[in-house]
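Structure record follows, encoded as structure tokens.
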Amino acid sequence: MKRENIDEKYTWNLEVVYKDKREFDDDYTMVKNKIKEIKKYEKTMILNSENFYNTVKLFYEIERIIDKMMSYTSLSFDLDTSDNSKQELSEMVSNLANEFSRASYFVVPSILKCDYSLIEKFYDEEEKLREYETSIKETYRYKEHTLSDEEERLLSHFGKIIGSSYETYELFKDCDMTFGEIEDENGKVVEIDNNNYLLYIESKDRRVRKDAFKVLYDGYKKYKNTFASLLSSNMKELSMLAKIEKYNSAIEMSLYRDDVSTNVYNNLIDSVHKNIDYIYDYYKLKKKLLKIDELHLYDIYVPTLTDYNKKYSYEEAKETILKVLEIFGDEYINKVKEALDSRWIDVYPTKNKRTGGYSGGSYDTYPYILLNYQDKYHDMSTLIHEMGHSMHSYYSRHYNTYQDSSYRIFVAEVASTVNELLLSYYMIEHSNSKEEKLSIINNLMELYRATIYRQTMFAEFEKIISDMADREEVLTSEKLCDIYYDLNKFYFGDAVVVDEEIRYEWEKIPHFYYDFYVYKYSTGLSASTMIVKNILSGKKNAVENYIEFLKCGSRLSPIESLKVAGVDLTKREVVDTALDEFKNIIDMYKENI
């Protein structure tokens with residue numbers, strides 16, 4: 001649709017951020033002036049408590065305005081990615097942020113140079129400085145891993161080189177690789193690539209699935225040595241940085257950013273190993289539903305309910321999620337109503353609009369939601385998922401100062417997945433259609449399969465090869481292929497024929513360059529499962545504790561904030577509970593067939 005043909009109530013109101021260009025320019029000029037001001041403290045920041053306070057306060061004032069400007073330009077651009085004027089605005093703010101970064105480079109090093117006793121003395125002398133205590137402590141947490149000025153300067157010269165393996169990987173995979181051709185369901189010859197592969201691996205025609213699978217991985221097989229070199233370089237780089245910055249391992253260094261112990265990572269893998277039979281049972285069920293003699297890896301992604309396609313209008317979706325979320329009480333549900341009625345949400349796809357969905361905004365804006373709603377169950381699920389993000393942002397921002405308002409990426413998917421799970425269970429309970437129930441239960445099974453088992457397999461692969469890099473072992477293509485193939489055999493079990501081509505799948509997974517990120521998907525769903533289980537079972541204070549978790553922001557570490565919600569990820573019972581729920585969902589599907 002053309003944007004001008006859509007009712008205004010289904011579009012973002014960005015005028016509440018900046019009503020015109022003049023307001024935007026006023027903030028731009030203000031930041032420019034404040035940047036000049038912060039430079040004055042470069043040599044005097046730690047001379048006394050007044051200077052220290054003024055520097056820190058000014059730092060966050062500038063950052064806050066830039067965040068608002070960045071959100072505005074990003075949101076505006078996403079509504080029409082062909083609008084060059086919005087792109088120019090975005091570039092202008094990006095340059096302003098870089099200018100601020102250069103001008104304020106001294107702030108963090110100055111804090112780290114101090115003995116903390118000096119900072120405590122500053123607290124006593126300047127009481128208002130305590131507003132920034134959490135963020136100062138977070139900065140100071142890195143003191144033991146901070147090098148001398150000369151060492152940091154030398155290391156900074158490698159900034160553009162560090163991470164370059166990933167850039168090369170993406171360019172090679174997306175631009176230079178070519179694959180073979182297959183015939184689609186209609187006999188048309190098509191060339192397989194990384195973008196259209198998913199379309200054919202989900203085909204109802206098993207011959208098409210098999211051909212696509214073999215063609216894709218035969219392509220990766222040809223370049224296994226190139227990909228091995230890239231991944232090996234990335235792992236060696238992480239290992240080297242960990243040693244330089246005084247960490248025990250690359251994993252420890254990566255998890256340190258989220259203030260998470262490696263025990264959480266290891267407990268995840270251990271729990272999945274202990275409950276591996278549940279996924280074997282799922283694959284046996286999938287084989288039965290597909291009515292095939294052998295379940296191959298190219299059969300895993302084909303939908304089992306291909307003919308069910310119920311429509312859910314946006315207005316129906318709004319009514320449904322209000323019923324689902326009323327469990328969280330007046331403040332929560334009133335804010336959701338405000339989001340639905342006050343143009344927090346840009347609902348429908350339009351020409352040149354950013355695809356997909358997300359929750360955005362800043363401390364001084366609505367927590368906006370972008371959708372591309374097309375009346376599918378997935379779209380309703382996306383709405384309530386992104387509403388979870390936005391409500392997390394609302395609580396985090398409303399109940400904290402700016403500097404304490406940003407929750408960590410480790411817990412970012414918890415609130416959204418809680419909402420998604422609650423929707424699923426509500427729809428299963430209130431549906432009178434067998435097909436609808438089976439479709440939603442099937443989605444749940446796939447969620448747990450893909451988010452916990454598959455991502456944990458990835459996490460285990462990363463751990464194995466990272467440990468090898470830490471021990472300075474050589475990561476050849478054959479070693480990587482063997483490790484990955486053996487993991488697939490374990491994670492799929494005897495119910496699935498583990499085809500040889502899967503040996504090369506590790507080459508197409510970009511997350512292996514994200515520095516131990518994938519485990520967060522698994523722990524996030526596990527935490528959400530326990531929260532939902534506590535809420536739906538009527539556990540005392542479960543809802544109240546969850547709302548308090550949403551209010552934490554960055555005042556507490558991710559692990560400690562989850563404890564507020566009744567989830568202790570240092571204990572294996574959290575992942576165990578999630579996997580037990582996966583088993584229950586499989587049993588629910590069997591009962592409803």
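Every number in this text was worked out from the coordinates using simple rules, so none of it is lab data. Bear in mind that the values here come from a model prediction, so they are computed numbers and not experimental data. Cβ sites come from the backbone with ideal geometry, for glycine too, and all protein chains shown count toward neighbours.
The stretch between Lys57 and Leu536 holds 168.1 nm of extra length on full extension. This uses 0.36 nm per residue minus the Cα-Cα distance.
The per residue volume of the convex hull around the alpha-carbon atoms of the stretch 3-146 is 141 Å³. Per residue, the chain reaches -19000 deg cm²/dmol at 222 nm when only DSSP H runs of four or more residues are counted, each adding -39500 (n - 2.57). State the dimensionless ratio Rg/Rh of the stretch 136-265 (Rg: radius of gyration of Cα atoms; Rh: Kirkwood radius). Across the stretch 136-265, the Cα-based Rg/Rh ratio is 1.18.
Between Ser104, Leu79, Met92, the Cα set farthest toward the positive side of the dipole of the stretch 71-113 (charges on each charged residue's Cβ, about the Cα centre) is that of Ser104.
Run the reach check for Lys21 against aspartates and glutamates, Cα to Cα strictly under 14 Å, same-chain hits fewer than 8 apart removed. What comes back? The reachable aspartates and glutamates, counting only those whose Cα sits under 14 Å from Lys21, are Glu88. How many percent of Cα pairs in the stretch 259-357 exceed 17 Å? Looking at the stretch 259-357, the distances longer than 17 Å represent 75 percent of pairs.
Sequentially through the stretch 556-573, phi angles give Karplus couplings (6.51, -1.76, 1.60; θ = phi - 60°) of 10, 5, x, 5, 5, 5, 5, 4, 4, 7, x, 10, 10, 6, 6, 10, 5, 4 Hz, Gly and Pro residues having no value and appearing as x. For the chain, the fraction of C-alpha pairs more than 31 angstrom apart is 58%.
Taken one residue at a time, the phi angles of the stretch 232-241 give Karplus couplings (6.51, -1.76, 1.60, θ = phi - 60°) of 4, 4, 5, 5, 5, 4, 4, 4, 5, 4 Hz. Gly and Pro are set to x. Here the 3J(HN,Hα) profile of the stretch 41-49, calculated from phi with Karplus coefficients 6.51, -1.76 and 1.60 at θ = phi - 60°, is 9, 3, 9, 10, 3, 9, 5, 7, 5 Hz, Gly and Pro shown as x. To the nearest ten degrees, helix 116-125 and the longest principal axis of the Cα atoms of the chain are 60 degrees apart. How much FRET efficiency would the formula 1/(1 + (r/R0)^6) give for Glu133 and Asp218, where r is the Cβ-Cβ distance and R0 is 51 Å, rounded to 0.05? The pair Glu133/Asp218 has a calculated efficiency of 0.35. Electrostatic tally near Lys221: other residues with Cβ closer than 13 Å to its Cβ, Lys and Arg +1, Asp and Glu -1, net -2.
Quick one: helix 206-222 against the long Cα principal axis of the chain, what's the angle to the nearest 10°, folded into 0 to 90? Compared with the principal axis, the helix lies near 50 degrees.
Rounding to the nearest 10 and keeping the result within 0 to 90°, find how far the Cα-based axis of helix 330-341 lies from the longest principal axis of the chain. The angle comes out at about 80 degrees. Taking the Kirkwood radius as Rh and the Cα radius of gyration as Rg, the stretch 179-222 has a ratio of Rg/Rh equal to 0.92. As I understand it, the dipole of the stretch 522-591 uses +1 on the Cβ of Lys and Arg and -1 on the Cβ of Asp and Glu, about the Cα centre. Which of Ile531, Val564, Met588 lies farthest toward its positive end? So the residue furthest toward the plus end is Val564.
Summed over all non-identical Cα pairs, the Kirkwood treatment of the stretch 465-593 gives a radius of 17.9 Å. The orientation-averaged shadow of the Cα convex hull for the stretch 1-86, equal to a quarter of the hull surface, comes to 7.4 nm².
A simple charge model with +1 on the Cβ of Lys and Arg, -1 on the Cβ of Asp and Glu and nothing else charged puts the dipole of the chain at about 320 debye relative to its Cα centre. Compactness of the stretch 305-384 is given as radius of gyration and Dmax, 13.6, 45 Å, from Cα positions. Remark on Ile369: its backbone amide H falls under 5 Å from those of Ile345, Asp346, Gly360, a criterion applied only to residues 5 or more positions apart or on other chains, H modelled at 1.01 Å from N. All C-alpha pair distances within the stretch 81-183, sorted into 5 Å bins from zero, spread as 2, 8, 10, 12, 13, 14, 11, 9, 7, 5, 3, 2, 1, 1, 0, 0 percent across the bins.
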